[in-house]
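The values are calculated or read from the model by the stated rules, or taken from the named source; none is laboratory data. Predicted model only: the values in this text are computed from it and were never measured. All Cβ positions, glycine included, derive from the backbone under ideal geometry; neighbour counts span all protein chains shown.
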Amino acid sequence: MPVWIGVDDTDSKKGGCTTYIAAVLARRLREIGVKVLGYPRLIRLNPNCPYKTRGNAAIALKADAESIDPLRRIAVEVVEEYSELEEGAETGIALLKGEPPSQLKEFYWRAVREIIPIRDAFRVAEEIGAEIVYYRDGKGLVGALAAIGADLSPGKTYELIAHRTREYWGTVRKVDPSSVYEMDEATREYTFDNVDYETGEIRITPHTPCPVLLGIRGVDPRALERAYRMLRIGEPVEYVTIFETNQATDVHYQRHRIHELGDGVNAIVEGVISEAPRRDIGGHVFFKIDDGTGELTCAAYEPTQGFRDIVMRLIPGDEVTVYGAVKLKPQGLTLNLEKIWVRKL
């Protein structure tokens, strides 16, 4: 019988990692003879969530088990051992027998695009018969349920994540940068976001004290394994896990007219440049677009580096499609520009 386990909100600003929970959980299930089916899931939720810790991702595993009881026991053990509960994590665990119903898939789409109140998670769990365990207010139940219900039919990618042994947590990651460049050159048809060639940043290694050594993203799990073998790593690795994910699929965006926008929306908006781009003292670039229903300020902030130079070349009358998170700023609703498609100059 298939049994799903979903977990979310195990980390904090200081450390911890939900994918590490997944790796440990999978190992301990196998140790008691439980088969883990397919790839574990790494599901990114609404990036606009105001109470996210870092990546705002939840995990889910599908197991073949006769009883839900040992799975619940092991999930609780792993969470209580590795979750950042003392640092305020509001971890949620959800367990579901059978395949996710359509109601849970609808909940997933809401979690990707909206801010869901925790009461909705409790209601959905009760309606579908999911078992839940939670800590403090249990905000992690939203992600735990959404990860189980994730609809990856519009598209999915994969991420190979290598986790460090505990004695290396918080230390400098020992991955040879030149090997990352070599790997990127050899696998770029199947992997992405390995290196930022403009800044020289190695993108596969995080900069936080979490257990992750590196993460390679791509569209083919076999190519990820080959890419990993090309890296020169100078420290022991505890786990290597390939996740199927909704990363880099843009599923959190929805098309909107400007008059429909509100704070917290992840939007795709088509319009015409109505006010030429200008660069402020901090290096941020602002411009406005109009779609006939209203005018919207768009912002390309300093960390986007050379992206701003492209934006500065736009002039009134150019037709563009902008992608980004809408925030309520002193100047009104502002779209934090993440992507732009110049349709007509």
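Things to note:
- A count restricted to region 199-243 and to residues that are touching a strand residue (DSSP E or B) at 6+ places or on another chain (Cβ under 9 Å), outside any loop (DSSP other than H, G, I, E, B) and farther than 30 Å from residue 302 by Cα stands at 14.
- Contact map, region 185-208: first residue loosely packed, with under 11 Cβ neighbours inside 10 Å, second residue assigned to a loop (DSSP other than H, G, I, E, B), Cβ cut-off under 6 Å, separation 6 or more or different chains; pairs are 198/305; 198/306.
- If you go through region 70-98 and keep only what is outside any helix (DSSP H, G or I) and closer than 18 Å to residue 145 by Cα, you end up with 83, 89, 90, 91, 92, 93, 94, 95, 96, 97, 98.
- Positions within region 87-142 being of a type in the set (A, V, I, L, M) and either within 15 Å of residue 5 (Cβ to Cβ) or not assigned by TED's automatic domain parsing to the domain that holds residue 67 (or both), in sequence order: 93, 94, 95, 96, 104, 125, 128, 130, 132, 133, 141
- Test: residue 243 is within 24 Å of the chain's Cα centre (by Cα) and within 25 Å of residue 153 (Cα to Cα): yes
- Filtered residues of region 148-175 (kept if assigned to a helix (DSSP H, G or I), within 17 Å of the chain's Cα centre (by Cα) and either surrounded by fewer than 13 Cβ atoms within 10 Å (Cβ to Cβ) or among the aliphatic types (A, V, I, L, M) (or both)): 148
- Residues within region 250-308 that are within 30 Å of residue 153 (Cα to Cα), of a type in the set (A, V, I, L, M) and either out of contact with any helix residue (DSSP H, G or I) (no Cβ under 9 Å at 6 or more places or on another chain) or exposed (fewer than 15 other Cβ atoms within 10 Å of the Cβ) (or both), tallied: 3
- Of the strands (runs of 3 or more DSSP E) lying entirely inside region 261-345, the ones with 1 or more residues being among the polar types (S, T, N, Q) are found at 266-279, 295-300, 319-329, 332-344.
- Restricting attention to region 176-198 and to residues that are part of a helix (DSSP H, G or I) and not aliphatic (A, V, I, L, M), the residue that is nearest to residue 226 (Cα to Cα) turns out to be 187.
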